[in-house]
Amino acid sequence: MPIRGGAARRLTNGRSWNLFPRYSPDGRSIAFASDRAGSFDIWVMDRQGAALERITTARIPLSENYYRPAWSADGTRLFAVAEGDGFPNQLVALDRLGGRQLSGMERHPGRVCVRACRSRCS
């Protein structure tokens, strides 16, 4: 729906579930979770619904899924929750360029730990 009001326009199509949409800080892109590739992954499209880009690639044998994308303040990174069989839910940081996982983070009550350096929690 345009910010000034008016008629709503569908940005996605098909039978997939498209969840948790989040606008980028500059308002040009929308990140969302979708199962259009079999498991839930994080996808980004422009605000017109074009230029669809898959940011994560879930590992099917682990029943891995990515949910709840959130943008960094500068819009260059995305964060998401990863979950799957045999490992605890993790907060992951994703580089928008190439979709590689930059770091895995584990949530503990009251703090977040970077997996690569467990002793450094904030």
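The values are calculated or read from the model by the stated rules, or taken from the named source; none is laboratory data. Quick caveat, the model's predicted, so the values are computed rather than measured. Using ideal geometry, Cβ is built from the backbone for each residue, glycine included, and neighbour counts are taken over all protein chains shown. For the accessible areas, the whole protein counts, side chains as well, though only heavy atoms, and no ligand, DNA or RNA atoms are used. Shrake-Rupley method; radii C 1.70, N 1.55, O 1.52, S 1.80 Å.
All but one of (1) exposed (fewer than 14 other Cβ atoms within 10 Å of the Cβ); (2) farther than 20 Å from ARG15 by Cα; (3) modelled with pLDDT of 50 or more; (4) among the β-branched types (Val, Ile, Thr) hold for VAL112, so report the exception by its number.
It fails just one condition, (3).
Just name the residue that is nearest to ASN65 (Cα to Cα) out of those in the range 2-37 that are polar (S, T, N, Q) and in contact with a Ser or Thr (Cβ under 6 Å, 6 or more places away or on another chain).
SER34
Determine whether ARG68 is among the basic types (Lys, Arg) and either free of Cβ contacts under 8 Å to residues at least 12 places away in the same chain or outside any loop (DSSP other than H, G, I, E, B) (or both).
It is true that ARG68 is among the basic types (Lys, Arg) and either free of Cβ contacts under 8 Å to residues at least 12 places away in the same chain or outside any loop (DSSP other than H, G, I, E, B) (or both).
Residues that are over 9 Å from the mean Cα position of the chain (by Cα), in contact (Cβ under 8 Å) with a residue 40 or more places away in the chain and open to solvent by 40 Å² or more (accessible area, probe 1.4 Å): does the range 11-18 have at least one?
There is no residue in the range 11-18 that is over 9 Å from the mean Cα position of the chain (by Cα), in contact (Cβ under 8 Å) with a residue 40 or more places away in the chain and open to solvent by 40 Å² or more (accessible area, probe 1.4 Å).
Taking into account only those residues within the range 60-96 that are charged (D, E, K, R) and loosely packed, with under 13 Cβ neighbours inside 10 Å, which is nearest to ARG10 (Cα to Cα)?
ASP74
How many residues does the range 28-59 hold that are open to solvent by 20 Å² or more (accessible area, probe 1.4 Å), over 17 Å from TRP17 (Cα atoms) and not hydrophobic (A, V, I, L, M, F, W, C)?
5
Determine whether SER24 is among the hydroxyl-bearing types (Ser, Thr, Tyr) and either at pLDDT 95 or above or within 16 Å of SER72 (Cβ to Cβ) (or both).
In short, yes.
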